Amino acid sequence: MPLAEQKRVYTYRDYLNWDGDKRIEILDGGLYMQAAPSRRHQEILSELHRQIANYLVGKNCKVYPAPFEVRLETIEIPEQIINVFEPDLSIICDKNKLDDRGCKGAPDWIIEITSPSTARVDKIKKFNKYEEAGVKEYWIIEPEENIVSVFTLGDNKRYGRPEMYAGDEKVIVKTLESLEIDLETVFS
């Protein structure tokens, strides 16, 4: 949710100076506070992380759960970076995008688990930013409905219509060869 009316533009420099106890994202220079995730959110996140991490053992890609910072801009000057996100899961296959703080540039795959306070941002604002930055695969998970929307970047650099999955299906990941996510265990 956006913080109170703001007149200034916040940057990565501000983000670096915040108290570590607060989960805050910056979207086009505006601040967005993230509430503590629910138990259900954490269970879904943990199971997804387990399945993905197990698959990635011995492979080049890495999976990072939140809090893990993603700076979509590849600019080196902190005062010019106005988008800093903490996706629920970030999967990065290019180790050159990784630094001690997180990821600089677009991860290959991002997963966001919605809550009533984040759904609008996840489905509209982050969707547009991830698409624009070139995130190859973007999943939006709606825990209340046990629904997963999978967006895959097309040749035209747009996501287009999502593939939709329900809670008892298996989803084949497009960006990682032969990885299949079992939603029944994710949502159980």
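Quick rundown of the values:
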item: Orientation-averaged projected area, Cα convex hull of the range 101-172 (nm²); result: 5.5 nm²
item: Dipole moment magnitude, nearest 20 debye, the chain about Cα centre, only Lys, Arg, Asp, Glu C-beta charged; result: 420 debye
item: Straight-distance crosslink candidates among aspartates and glutamates, where the alpha carbon sits under 18 Å from residue 129 and sequence neighbours closer than 8 are dropped; result: 25, 28, 69, 73, 86, 88, 108, 112, 137, 155
item: Estimated distance in nm for a label pair at residue 132 and residue 101, the labels positioned 7 Å out from Cα along Cα-to-Cβ; result: 1.9 nm
item: Contour excess over end-to-end distance, with Cα ends at residue 8 and residue 185 and 0.36 nm allotted per residue; result: 59.3 nm
item: GluC sites (Glu not before Pro) lying in DSSP loop within the range 56-153, provided at most 13 other Cβ fall within 10 Å; result: 76, 144, 145
item: Between 0 and 90°, nearest 10: helix 39-56 axis offset from the chain longest Cα axis; result: 70 degrees
item: Kirkwood Rh, angstrom, the range 1-72 [1 / mean 1/r, Cα pairs]; result: 14.5 Å
item: Dimensions (Å) - the range 43-108, Cα atoms, principal axes, largest first; result: 37, 25, 17
item: Residue-averaged 222 nm ellipticity for the chain, from DSSP H runs of 4+ at -39500 (n - 2.57), nearest 500; result: -5500 deg cm²/dmol
item: Additional length obtainable on full extension of the chain from residue 163 to residue 33, 0.36 nm per residue less Cα span; result: 43.9 nm
item: Given 62/170; 22/157; 7/95; 97/123; 95/170; 95/157, the pairs whose alpha carbons are separated by over 32 Å; result: 22/157; 7/95
item: The range 37-102: trypsin sites (Lys or Arg not before Pro) falling in loop per DSSP and having at most 14 other Cβ within 10 Å; result: 59, 101
item: Projected area averaged over orientations for the chain, convex hull of C-alpha atoms, nm²; result: 10.8 nm²
item: Residue 142-residue 117 pseudo-label distance in nm [points 7 Å out on the Cα-to-Cβ vector]; result: 2.1 nm
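No lab work stands behind these numbers, since they all come straight from the coordinates. Nothing here was measured: the structure is a model prediction, and the numbers come from that model. So basically every Cβ, Gly included, is an ideal-geometry build from the backbone, and we count neighbours across all protein chains shown.
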